Structures are given as structure tokens and as C-alpha cells.
1. Residues being modelled with pLDDT of 85 or more and basic (K, R): count how many of those fall in the range 88-105.
2. So how many residues does the range 39-56 have that are without any contact (Cβ under 8 Å) to a residue 12 or more places away in the chain and either over 23 Å from L77 (Cβ atoms) or under 8 Å from the mean Cα position of the chain (by Cα) (or both)?
3. In the set A69, A75, which member is assigned to a loop (DSSP other than H, G, I, E, B) and of a type in the set (A, V, I, L, M, F, W, C)?
4. So, G68, is that one small (G, A, S), exposed (fewer than 14 other Cβ atoms within 10 Å of the Cβ) and at pLDDT 85 or above or not?
5. Can you find even one residue in the range 2-18 that is in contact with a helix residue (DSSP H, G or I) (Cβ under 6 Å, 6 or more places away or on another chain) and either open to solvent by 80 Å² or more (accessible area, probe 1.4 Å) or modelled with pLDDT of 75 or more (or both)?
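The values are calculated or read from the model by the stated rules, or taken from the named source; none is laboratory data. A quick note: this is a predicted structure, and the numbers were derived from the prediction, not measured. We place every Cβ from the backbone using ideal geometry, glycine too, and count neighbours over all the protein chains shown. Only protein heavy atoms, including side chains, enter the accessible area calculation; ligands, DNA and RNA are left aside. Shrake-Rupley method; radii C 1.70, N 1.55, O 1.52, S 1.80 Å.
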Amino acid sequence: TFPISKHLDELLHSIRMDSIHVFTIDKKQISNDLLYHYTKHRLRLIGEPKYTVYGLRHAFGARVPSKGADAFQLADLMGHSKMETTRRYRHVNYEGLLKILNKVK
């Protein structure tokens, strides 16, 4: 968990998540490069230049497993073709590992 401003919270909640692609109102797909620059620009406009697009992406990737997604689902959501890439977003939850080990007994 990390603190975010009200403006950043509103921006993140305004992003539609019903597709793995982002489209404009007139249904044209936005490239990853354009989306990166748009998001960076919006972060500056709302006074949050300390946040980066990659930082927000990493925060998303780190939070998804805590909501119940497994590594394969996370890889799909992040658009990774290799599990080695997804592994960077997985933070070890030692308490969760201990709970699993205790169930195996």
C-alpha cells in the first residue's frame, strides 16, 4: 500500500478496465508509447510528477496477487510472454507461505 493523492486516485479510477487495450472515444487504439506519454503528462498536470508510469504499473502488478490472482493470471494482465518477467512483480509473502505449509502437514 502506498499513499496517493485525490487527483491521482480519480485518474486511476477513470481508466476503463474492460479491455486489455486502450481506445480513444472514436474507437482508435492507443499505442503503448502514446499511453505512456499521455499518462506522464497527466501526472504532471495533476501535480504528481513524483509518480512514474512504471511505478504505477509495478504497484498494480504487486497488488494483483494480494487480491487472489495467480502468477499466470498476473502474466496475462501484465501482457508478459515470459514468466521470468512476471516474477519481478511478485513479492514474497512469507506469512502466506507459512499458512500454505501449515496446511500441508
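1. Here the count works out to 1.
2. 5
3. Result: A69 is the single residue among A69, A75 that is assigned to a loop (DSSP other than H, G, I, E, B) and of a type in the set (A, V, I, L, M, F, W, C).
4. no
5. The answer is no; no qualifying residue exists.
Table: residues versus (1) in a loop (DSSP other than H, G, I, E, B); (2) open to solvent by less than 80 Å² (accessible area, probe 1.4 Å); (3) not aromatic (F, W, Y).
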| position | (1), (2), (3) |
| --- | --- |
| T39 | no, yes, yes |
| G47 | yes, yes, yes |
| Y51 | yes, yes, no |
| A62 | no, yes, yes |
